[in-house]
Amino acid sequence: MTTPHPIASIVGVLIVALSLSAFLIWVERRLLALWQDRYGPNRVGPFGLLQVLADMIKIFTKEDWIPPFADKPVFVIAPAIIMVTVLMSFAVLPVAPGIVVSDLNIGLLFFLGMSSLGVYSIVLAGWASGNKYSLLGGLRAAAQMISYEVFMGLSLMGVVLLAGTFDLTAIVEAQRGLWYVIPQFLGFVLFLIAGVAEARRLPFDLPEAEAELVAGFHSEYSGMKFGMFFVGEYLGITLISSMIAVLFLGGWNGPWLPPLVWFLIKVFAFLCFFILLRASLPRMRFDQLMSLGWKVMFPLALVNLLVTGAIVLAKR
Amino acid sequence: MTNLTEIAFFAAGAVAVIATVLAITRPVAVHALLYLIVSLLAVAVVFYTMGAPLVAALEVIIYAGAIVVLFVFVVMMLNLGVRTQETERKWLAGRAWIGPVILSALLLAEVIYLIVRAPVSAAMNSISTPKQIGLALFGPYLLGVELASMLLLGALVGACHLGRTSKSGREARQ
């Protein structure tokens with residue numbers, strides 16, 4: 001397979017990631033409706049497929065209002081940060097053999113770094129809004145994402161130990177025989193939970209918690225600035241699903257079907273799982289969230305790392 | 001070592017210096033922290049161009065991604081208003097600058113002299129892999145790593161102790 005031109009793969013990845021996450025909004029609304037025994041959007045276009053387009057036209061023509069009590073520069077930068085950090089992470093994602101924007105030898109660390117910078121978007125949005133509910137949402141986001149990032153990184157170190165590299169393409173190649181979901185099952189579960197928390201999805205969507213914080217950090221946002229948070233969230237889910245597929249489910253590896261199709265099937269399965277979580281689980285309380293992270297997840301991640309390390313050493 | 005990497009190195013260095021100066025002089029604490037983040041990211045690029053990708057990644061994850069988030073967290077909790085900005089402006093005005101400026105000017109002169117004398121350091125030509133760094137850390141520098149971990153353990157025990165007293169205090173009040 002020939003390697004496409006870097007600019008072509010950048011444009012390709014951007015278009016696919018953005019349109020996939022826009023499409024995901026429709027998928028989520030339809031699936032939620034299915035599971036909650038109602039119709040969901042079904043009027044605009046076939047099966048309501050054009051609903052997203054209609055929403056987009058609406059959001060672009062809305063007034064883009066900045067509250068007078070907000071800190072203007074930070075208020076404007078905040079939604080851009082989430083888009084930039086998430087889209088940058090897509091650059092190191094190996095989609096199929098040869099289709100990757102930048103085959104960085106520290107790709108996994110790059111992903112972790114970008115996801116840790118993504119926190120600023122939420123925190124700064126909460127602070128710059130000059131609204132007490134937004135500030136509380138921002139504070140929660142900071143605490144939650146720092147706690148969950150720690151064992152998110154640790155849970156991946158088992159994969160790194162087995163593959164012996166931070167290079168995502170090499171990690172996929174190393175899973176040709178056996179997908180890491182089997183030897184690293186604990187790591188897989190930990191990363192999945194951390195991923196839900198990093199994407200701020202139910203049951204971990206404390207920063208926006210509509211019921212108590214009136215939408216939290218993005219209460220004051222309107223128009224396309226709100227749209228950026230919204231699309232950023234779906235991009236985040238797509239990214240986490242793709243990362244799970246790459247790190248634990250062998251990326252593009254699979255019999256019969258072409259590699260790209262296998263990759264998309266795995267990603268889509270996890271996207272549906274994320275939506276099912278939202279449909280079925282209630283929101284946690286904040287202290288439950290923090291103690292789950294530090295008292296259960298973090299020790300488990302350490303044990304996983306220790307055991308994996310011991311086994312890798314013993315096998316030598 | 002190509003010319004382009006050298007340009008990236010000096011550009012990132014310049015960004016780091018300017019951002020750090022701005023981080024010191026901004027009266028609004030959160031704006032200052034934002035410039036600090038930019039400065040840390042620029043330092044990460046400097047590390048990367050010098051052939052230390054692992055250190056660059058750790059700089060982003062640990063400093064920019066975790067430690068400064070905690071700073072921002074605390075500043076948000078304090079809820080500093082217009083009055084602190086006024087105090088900050090007063091502190092930054094006039095004669096307070098003389099001492100720091102003389103000291104930093106001396107350092108700057110030294111750095112410029114060193115750069116002019118030896119334009120490319122030896123480290124810029126080799127790429128250090130994560131494995132090399134790990135071997136160095138747990139080989140010749142083992143004592144340093146252990147000392148640092150003891151220090152962190154001390155901090156952890158201290159934090160646990162402080163957290164515990166506040167919890168029992170809350171129970172006593174109820």
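The values are calculated or read from the model by the stated rules, or taken from the named source; none is laboratory data. Since we're looking at a predicted model, the values are computed, not measured. FYI the Cβ positions are ideal-geometry reconstructions off the backbone, even for glycines, and counts take in every protein chain you see. Note: areas computed on protein heavy atoms with side chains; ligands, DNA, RNA excluded. Shrake-Rupley method; radii C 1.70, N 1.55, O 1.52, S 1.80 Å.
The rows are residues; the columns are (1) in contact (Cβ under 8 Å) with a residue 40 or more places away in the chain; (2) at negative phi.
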{"position": "B:5", "(1), (2)": "yes, yes"}
{"position": "B:51", "(1), (2)": "yes, no"}
{"position": "B:56", "(1), (2)": "no, yes"}
{"position": "B:96", "(1), (2)": "no, yes"}
Determine whether the range A:142-161 contains at least one residue that is within 13 Å of chain B (Cβ to nearest Cβ), closer than 30 Å to residue A:68 by Cβ and surrounded by fewer than 23 Cβ atoms within 10 Å (Cβ to Cβ). yes
Residues that are within 22 Å of residue B:29 (Cβ to Cβ), more than 10 Å from every other protein chain (Cβ to nearest Cβ) and hydrophobic (A, V, I, L, M, F, W, C): does the range A:115-126 have at least one? yes
Would a scan of the range B:6-26 turn up a residue that is part of a loop (DSSP other than H, G, I, E, B), at pLDDT below 85 and open to solvent by 80 Å² or more (accessible area, probe 1.4 Å)? yes
The one condition in (1) surrounded by fewer than 13 Cβ atoms within 10 Å (Cβ to Cβ); (2) under 17 Å from residue A:159 (Cα atoms); (3) of a type outside the set (A, V, I, L, M) that residue A:287 fails to fulfil: (2)
Options A:232, A:254, A:223, A:250; residue that is among the small types (Gly, Ala, Ser), under 17 Å from residue A:202 (Cβ atoms) and surrounded by 14 or more Cβ atoms within 10 Å (Cβ to Cβ): A:232
Considering only residues that are within 13 Å of chain B (Cβ to nearest Cβ), in a helix (DSSP H, G or I) and either at pLDDT below 85 or open to solvent by 40 Å² or more (accessible area, probe 1.4 Å) (or both), which ones fall in the range A:76-106? A:76, A:77, A:84, A:88
Let me spell it out: the conditions are (1) part of a loop (DSSP other than H, G, I, E, B); (2) closer than 20 Å to residue A:294 by Cβ; (3) within 14 Å of chain B (Cβ to nearest Cβ); (4) of a type outside the set (S, T, N, Q), and residue A:130 meets all of them except one. Which number is the exception? (2)
From the list A:207, A:203, which one is out of contact with any Pro (no Cβ under 6 Å at 6 or more places or on another chain), surrounded by fewer than 19 Cβ atoms within 10 Å (Cβ to Cβ) and under 24 Å from residue A:155 (Cα atoms)? A:203
Does residue A:203 fit the bill of being within 14 Å of chain B (Cβ to nearest Cβ), at pLDDT below 85, under 19 Å from the mean Cα position of the chain (by Cα) and farther than 20 Å from residue A:91 by Cβ? no
Go through the range B:46-86 and give me each residue that's assigned to a helix (DSSP H, G or I), hydrophobic (A, V, I, L, M, F, W, C) and away from every other protein chain (no Cβ under 11 Å). B:46, B:47, B:78, B:82
Could you list, ordered by first residue, the pairs with Cβ atoms under 8 Å in which the first is in the range A:1-20 and within 11 Å of residue A:98 (Cα to Cα) and the second is open to solvent by less than 60 Å² (accessible area, probe 1.4 Å) and at pLDDT 80 or above, at least 6 apart or interchain? A:4/A:12
Set A:255, A:282: member being in a loop (DSSP other than H, G, I, E, B), in contact (Cβ under 8 Å) with a residue 24 or more places away in the chain and over 28 Å from residue A:88 (Cβ atoms): A:282
Would you please list the contacts, defined by Cβ atoms under 7 Å and residues six or more apart or on different chains, that run from a residue in the range A:226-241 that is among the charged types (D, E, K, R) to a residue that is open to solvent by 10 Å² or more (accessible area, probe 1.4 Å)? A:233/A:200
Being among the acidic types (Asp, Glu) and either surrounded by 23 or more Cβ atoms within 10 Å (Cβ to Cβ) or more than 11 Å from chain B (Cβ to nearest Cβ) (or both): is that true of residue A:167 here? no
Members of the range B:29-45 that are open to solvent by less than 30 Å² (accessible area, probe 1.4 Å) and either more than 27 Å from residue A:104 (Cα to Cα) or more than 11 Å from chain A (Cβ to nearest Cβ) (or both): B:30, B:32, B:33, B:39, B:42
On the given criteria, is residue A:15 within 30 Å of residue A:259 (Cβ to Cβ), modelled with pLDDT of 85 or more and surrounded by fewer than 19 Cβ atoms within 10 Å (Cβ to Cβ)? yes
Considering only the range A:173-195, I want to know if a residue exists there that is free of Cβ contacts under 8 Å to residues at least 24 places away in the same chain and within 14 Å of another protein chain (Cβ to nearest Cβ). no
